[in-house]
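Here's the structure, in structure tokens; my notes come after.
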Amino acid sequence: MERRKEEDIGQVIMRFLRQSQLESPLNEYRLMQAWSEIVGSNVYRQTRQLSIHNQTLHVSMTSAALRTELLMHRAELVHQLNQKVGAQVITNISFS
């Protein structure tokens, strides 16, 4: 009997998620969970709703001034959020 090559359990799970088409929804969930960590608690408290559609993170804010400030840091936020998840989940952020 021939022994199979050992694999890391993390790689096996990721392969299963890809084959089951669950990797993208999981990464989207992880990205939305990372929002509070990346922007901080003060900004997070001003966030009403988060959703992802067509690789765009849609963020609803309670403060117009904060929304304007975050618009100036949009590219940096996209980079940090994707880096935190470890995958290219979003390409843009839309604030409303």
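The values are calculated or read from the model by the stated rules, or taken from the named source; none is laboratory data. These figures come from a predicted structure and were not determined experimentally. Glycine gets a Cβ as well: all are built from the backbone with ideal geometry, and neighbour counts include every protein chain shown. When the accessible area is computed, the model is the full protein with side chains, heavy atoms only, and any ligands, DNA or RNA have been set aside. Shrake-Rupley method; radii C 1.70, N 1.55, O 1.52, S 1.80 Å.
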**Message:** So, in the range 27-54, exactly how many residues are closer than 19 Å to His73 by Cβ and polar (S, T, N, Q)?
**Reply:** 5
**Item:** Conditions (1) within 16 Å of the chain's Cα centre (by Cα); (2) touching a residue at least 12 places away in the same chain (Cβ under 8 Å): number failed by Gly40
**Value:** (2)
**Ile93 being touching a residue at least 12 places away in the same chain (Cβ under 8 Å), among the β-branched types (Val, Ile, Thr) and touching a strand residue (DSSP E or B) at 6+ places or on another chain (Cβ under 9 Å)** = yes
**Request:** Inspect all residues belonging to the range 29-46 and state whether any of them is open to solvent by 70 Å² or more (accessible area, probe 1.4 Å) and β-branched (Val, Ile, Thr).
**Result:** no
**Item:** Number of positions in the range 49-70 that are touching a strand residue (DSSP E or B) at 6+ places or on another chain (Cβ under 7 Å), over 15 Å from Arg30 (Cβ atoms) and open to solvent by less than 70 Å² (accessible area, probe 1.4 Å)
**Value:** 7
